[in-house]
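Worksheet for the structure shown next.
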Protein chains: 2
Amino acid sequence: MPAKKSNAPSPATALEFPRPLVTVDIALLTLSGNGLQVLLVQRPRAPAEPYPARWALPGGFIDVQKDHDLQACAMRKLREKTAVSSPYLEQVGSWGGAERDPRGWSATHVYFALVPRETSEPGKGGNAADARWFDVTLGGLVPGAGALAFDHDELLCAALQRLRSKVEYTSLPAFLLAEPFTLPQLQGAYEAVLGRRLDRSAFRRRALAVPGFLREAGIIQTGAPRAPQGYVLEHRGGPVVFARPFEPR
Amino acid sequence: MPAKKSNAPSPATALEFPRPLVTVDIALLTLSGNGLQVLLVQRPRAPAEPYPARWALPGGFIDVQKDHDLQACAMRKLREKTAVSSPYLEQVGSWGGAERDPRGWSATHVYFALVPRETSEPGKGGNAADARWFDVTLGGLVPGAGALAFDHDELLCAALQRLRSKVEYTSLPAFLLAEPFTLPQLQGAYEAVLGRRLDRSAFRRRALAVPGFLREAGIIQTGAPRAPQGYVLEHRGGPVVFARPFEPR
DNA sequence: TCAATAGTGTCTATAAGACAATATACC
DNA sequence: GGTATATTGTCTTATAGACACTATTGA
């Protein structure tokens, strides 16, 4: 909430004090054959820049002219990096402090986004030759990228933790798949994010029992021995919450 | 993430663009006999101020000199309003946009805090004669306060939604109680936040089965017909997560 | 002894994991 | 028909809700 105190002798709304830098960062995740991947961009090499040539989450400063709100800013940053098809976008939280950017007190608003692999090639629609997909562990480590710029290791870790915790009891992994998808594909997405195998029978029983989750969308010819049933989401707007999480085991 | 683009002809780190206002707001919650209460402060009456004399969540601008990070800023705001005894503090998220403050593009970082009733009297240690506890519904409505300043109705609503959703599967309500507390008291806290009654037997069985949740702390003489067993938290640092949520019923 | 609150025991229903069995398509 | 994948059925087990019962204290 904007300040109420006005101890200074200036008029009622005294706003002449230093303001933090304000940014938005996005952990854009997708699914490859190996598992989860995250999109990173390489920072400019100029030595005057903080963390030159390091890999970082895509993002950048709020533009108070262009961005109507935080979510709009996140969407704009996403568009600039990749041709996304209506990604799932959720705020993870915000990180702010005096030390996290050498240029001064800064606060960043972190989002994570989920997209199906096909529609999310960087460069395809995006202008980012400096953007690449990296395999990422469930703990948020990116083996191939070294230490990320700023506190982005921590931000990415938090984004993955959020995703992992919600997987247990929501339909989030479905947003990693292109529609229509099959139940075995959906189970694979869950297993990739959970980091463990699930029982086929229990998974299907459960997924099909959740109201408002899946709608049948015809048989799919995948080339598999038996052609599987295709499904689409009932609500693309957001995830469905399950009554109970997967058993811990 | 701070910007990487430097299209402008200025040197590598061009930071001469308008910055948003940055604030922190806190939904401080406690438990009264009736149920949940929230602490609100009244905005100054000067007509030059935005939303004069309206009730608002406690909070205010980041002070880049005093506040090392966002959480420290939230703790400072809390100290200024009430004498809290190590409250539970958790970030809810951030809200930012061009319209939410008439003074300009602003972003606020929202926290919710839980304190036991006894130690949280405003004025006791706090300097806020303009602060008051209000009964609040589980939906986040404050019947006695009218429309809150700024978008604080929405922020409060989000804070309560976060609390309610976590109650189902965490030990959060315990932070609304002074230690040592009894199991019936704990059940009462859960019922207040859940908005429904729970079965005693199931509740005890469950609460006592969660590892790392409760530790016995002697019999308490409350004046009740039968003196109950007292408990304290194993970890005051944060909530414990249950393997399964309460059944929907 | 009664009243009131704290705490326990037991039954049942639900749903998840385990795992076997069946269906379907392409070679 | 054989094989690989998709889908279904059944058994067991764990746990939550329901509800009755016991325990302890003070009037």
(request) Calculate the all-directions average of the projected area of the stretch A:206-249's alpha-carbon convex hull, and give it in nm². (result) 4.6
(request) Using the 7 Å Cα-to-Cβ label point, sort the distances from B:GLY139 to its equivalents in the other copies shortest first and give them in nm to one decimal. (result) 4.6
(request) Let me know the mean shielding of B:56-69 by other chains, meaning the per-residue number of their Cβ atoms within 10 Å of its Cβ. (result) 5
(request) Using only the Cα atoms of the stretch A:21-166, build the gyration tensor, take square roots of its eigenvalues as a ≥ b ≥ c, and label the shape rounded, prolate or oblate: rounded if a/c is under 1.5, else prolate if a/b is larger than b/c, else oblate. (result) rounded
(message) Projecting each Cα onto the charge dipole of the protein assembly as shown (Lys/Arg +1, Asp/Glu -1 at the beta carbon, about the Cα centre), which of B:PRO116, A:VAL22, A:ALA53 comes out farthest on the positive side?
(response) B:PRO116
(request) Could you check what % of the DSSP bridge pairs in chain A are antiparallel, to the nearest 5? (result) 75
(request) Sticking with the crude label model, points 7 Å out along Cα→Cβ, report the distance from A:HIS68 to A:ALA98 in nm, one decimal please. (result) 3.8
(message) With only alpha-carbon pairs counted, each pair once and no self-pairs, how large is the Kirkwood hydrodynamic radius of the protein assembly as shown in angstroms?
(response) 24.8
(message) At a probe of 1.4 Å, how much accessible area disappears from chains A and B on forming the pair, both sides counted, to the nearest 100 Å²?
(response) 5100
(message) Tell me which GluC sites (Glu not before Pro) from the stretch B:166-249 have a DSSP coil assignment and no more than 14 other beta carbons within 10 Å of their own.
(response) B:GLU234
(message) Suppose you put the label 7 Å out from Cα in the Cβ direction; list, shortest first and in nm with one decimal, how far B:ARG226 is from each other copy's label.
(response) 5.6
(request) Only helices at least 20 Å long along their axis, Cα-based, and averaging -1.0 or more on Kyte-Doolittle count here, so list those DSSP H runs from chain B. (result) B:152-167
(message) Per DSSP helix of 4 or more residues, -39500 (n - 2.57); summed, then divided by the residues of chain A. What does that give at 222 nm, rounded to the nearest 500?
(response) -6500 deg cm²/dmol
(message) Using a label point 7 Å beyond Cα on the Cα-Cβ vector, give me the inter-copy distances for A:ARG117 in nanometres, one decimal, shortest first.
(response) 5.7
(message) Just to be sure I understand: with springs between alpha-carbon atoms less than 10 Å apart, which residue in B:PRO184, B:PRO239, B:PRO18 has the highest mean-square fluctuation in the Gaussian network model of chain B?
(response) B:PRO18
(request) Between the alpha-carbon centers of the stretch A:184-249 and the stretch A:13-86, tell me the distance in whole angstrom. (result) 31
(request) Taking only Cα atoms and a 10 Å spring cutoff, compute GNM fluctuations for chain A and point out the largest among A:GLN187, A:GLN161, A:GLN221. (result) A:GLN221
(message) For the protein assembly as shown, what is the number of Lys pairs with C-alpha distance below 16 angstrom, counting only pairs 8 or more positions apart or on separate chains?
(response) 17
(request) With a 1.4 Å probe and every protein chain kept in, tell me what percent of the accessible surface of chain A is carbon plus sulfur. (result) 52
(message) Could you tell me the relative contact order of chain B? Use alpha-carbon pairs under 8 Å, at least six residues apart, and round to a whole percent.
(response) 18
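The values are calculated or read from the model by the stated rules, or taken from the named source; none is laboratory data. Nothing here was measured: the structure is a model prediction, and the numbers come from that model. Positions of Cβ are generated from backbone atoms using ideal geometry, with glycine treated the same way; all protein chains shown enter the neighbour counts. For the accessible areas, the whole protein counts, side chains as well, though only heavy atoms, and no ligand, DNA or RNA atoms are used. Shrake-Rupley method; radii C 1.70, N 1.55, O 1.52, S 1.80 Å.
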